[in-house]
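Heads up, the thing below is written out as C-alpha cells.
FYI, it's all coordinate maths here, none of it is from the lab. No experiment lies behind these values; they were computed from the predicted model shown. Note: ideal-geometry Cβ built from the backbone for every residue, glycine included; neighbour counts use all protein chains shown.
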C-alpha cells in the first residue's frame, strides 16, 4: 500500500477528500491496526477496527454469512455510538447505512489492508460509492 504517509495523505486527499463527499476515512492492516485515519474515523475506539477485518475473513463465495446480525457499529471516544445496517455485500466491498440513512459506510477489501469510508447526508450515496470504488480500483492494480 502506501510506504510513505505523506504520499498516502496526498493520494487520499486527491482521490477522495477533495470531492467534499466524505466525513471519515480509515485504512487498517489485515491485523486490524489503523495506519491512516481522517475526520470522524480518527476518534473511534480501537476495538471497532476488528469487525472490518472479520467481514472479509469470514467471506466465501458459497457462504454469505458474513455477520450474524448484518450490522456494523462505531463507538467514538466521546461515547457516541452509530450502528450501520449492511444492505449489500460483495467479495471485495460492504455497503451499509445508519438509521434513517443519515450516514453511509463503505468497507473495501484491498490487497494489503482494508479501507473504511463514511459519508453523511446530504451527499448522494451513489456518487460517493462510485468515487470510493474508483479509488479502491486504483489501489488494487
| Which order results if 81, 119 are arranged by neighbouring Cβ count within 10 Å, fewest first? | 81, 119
| task | Between 78, 14, 43, find the one with the highest GNM mean-square fluctuation for the chain; connect C-alpha pairs within less than 10 Å. | result | 78
| Inter-label distance, nm, simple model (7 Å from Cα along the C-beta direction), residue 126/residue 46 | 4.2 nm
| field | residue 35-residue 83 FRET efficiency (beta carbon distance; Förster radius 41 Å; 0.05 resolution) | value | 0.95
| query | Roughly speaking, what is the stretch gain from residue 133 to residue 7, that is 0.36 nm per residue apart minus the C-alpha to C-alpha distance, in nm to one decimal? | reply | 43.4 nm
| task | Quote the FRET efficiency, to the nearest 0.05, computed for residue 75 versus residue 14 with a Förster distance R0 of 35 Å and r equal to the Cβ-Cβ distance. | result | 0.70
| field | Sum of -39500 (n - 2.57) over DSSP H runs of 4+, divided by residues of the chain (222 nm, nearest 500) | value | -7500 deg cm²/dmol
| note | Fewest to most Cβ atoms within 10 Å: 22, 135 sort as 135, 22
| request: Report, please, the projected area of the chain averaged over directions, based on the convex hull of its C-alpha atoms, in nm². | output: 8.2 nm²
| Could you give the distance between the Cα centres of segment 8-55 and segment 108-141, to the whole Å? | 10 Å
| remark: Going fewest to most other Cβ atoms within 10 Å around each Cβ, 49, 8 line up as 8, 49
